[in-house]
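Remarks on the structure that follows.
The values are calculated or read from the model by the stated rules, or taken from the named source; none is laboratory data. Every value quoted in this text rests on a predicted model; they were computed, and no experiment measured them. Virtual Cβ from ideal backbone geometry, glycine too; neighbours counted across all protein chains shown.
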Amino acid sequence: MKIQRETMWEAVVQCNAMYDGCFYYAVKTTGIFCRPSCKSKTPKQENVEFFFHIAEALQKGYRPCKRCRPDLDQSTYDPNHEVIQKVQHILENEYDKPWTLQTLSKRIGMSSYHLQRLFKNKTGISPKQYLYHIRIEQAKRLLLQGEKNNTEICFLVGFNDTAHFYHVFRKLTGFSPLAFKHQHS
């Protein structure tokens, strides 16, 4: 899934662990690269460079942060890493399906309570919030393509109610779908 630069910047500002492993950011003034969830002081946006792979950051001469240790494989420390990755993979590839916590937990093979707690502890958000982020990213992409109207996009990305789609879109982007389209095209 291609992530837009503004989404990556928001993840850095919010220290969003959901994007850990999806990309890394480097600070030009310090020569250090970090995970999006790093708790270090937020750098100035103009001093930030984004990378999708650690090797790219290293090749450009950046050093790994000693605080968030982006050079270490976090999966070696977390036995539930594979479960989280599986949930993320399912939601990223099947975002248009009518997922509930119950249907997702059945697919994964664990209780709803345990899945919710595990996912939130690892990513900082619930599976439902993660799904909404994915759906809205897809909706933003479709809006900018300009081939479909808002109602079509609503149903294509998995929402079954336009009012709910508009509410979630505004909550996550700060814009209505139409305002977002005008602002970014």
Inset, instruction - Check off (1) acidic (Asp, Glu); (2) surrounded by 14 or more Cβ atoms within 10 Å (Cβ to Cβ); (3) in a loop (DSSP other than H, G, I, E, B) for GLU92 and give me the number that stays unchecked. - result: (3)
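Take segment 7-57 and flag every residue that is assigned to a helix (DSSP H, G or I), touching a helix residue (DSSP H, G or I) at 6+ places or on another chain (Cβ under 9 Å) and among the acidic types (Asp, Glu).
Within segment 7-57, no residue meets the criteria.
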Inset, instruction - Tell me which residues, restricted to segment 1-38, are among the aliphatic types (A, V, I, L, M) and crowded, with 16+ Cβ neighbours inside 10 Å. - result: MET8, ALA11, VAL12, ALA17, MET18, ALA26, VAL27, ILE32
Inset, instruction - Go through segment 153-185 and give me each residue that's touching a Leu at 6+ places or on another chain (Cβ under 8 Å), more than 21 Å from LEU101 (Cα to Cα) and in a helix (DSSP H, G or I). - result: ILE153, PRO177, PHE180, LYS181, HIS184
Legend entry - Cβ pairs under 8 Å, 6+ apart, first in segment 143-165 and touching a residue at least 60 places away in the same chain (Cβ under 8 Å), second charged (D, E, K, R): LEU156/ASP96; LEU156/LYS148; VAL157/ASP96; VAL157/ARG135; GLY158/ASP96; GLY158/LYS97; GLY158/ARG135
Inset, instruction - Considering every residue within segment 14-25, establish whether at least one is under 16 Å from CYS68 (Cα atoms), in contact with a Phe, Trp or Tyr (Cβ under 8 Å, 6 or more places away or on another chain) and of a type in the set (D, E, K, R). - result: no
Legend entry - Residue check for LYS106: part of a loop (DSSP other than H, G, I, E, B), assigned by TED's automatic domain parsing to the domain that holds VAL157, at pLDDT 95 or above and not hydrophobic (A, V, I, L, M, F, W, C): no
Legend entry - Unique residue being closer than 21 Å to ARG5 by Cα, touching a residue at least 40 places away in the same chain (Cβ under 8 Å) and small (Gly, Ala, Ser) when the list is SER185, SER176: SER185
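Residue-by-condition table, conditions (1) surrounded by fewer than 13 Cβ atoms within 10 Å (Cβ to Cβ); (2) assigned to a loop (DSSP other than H, G, I, E, B); (3) not assigned by TED's automatic domain parsing to the domain that holds ARG35:
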| residue | (1), (2), (3) |
| --- | --- |
| GLN88 | no, no, yes |
| PRO98 | yes, yes, yes |
| MET110 | no, yes, yes |
| GLN116 | no, no, yes |
| LYS120 | no, no, yes |
| ILE125 | no, yes, yes |
| GLU137 | no, no, yes |
| LYS140 | no, no, yes |
Legend entry - Filter result for the condition that a residue is under 27 Å from LEU143 (Cβ atoms) and in contact with a Cys (Cβ under 7 Å, 6 or more places away or on another chain), over TYR25, TYR19: TYR25
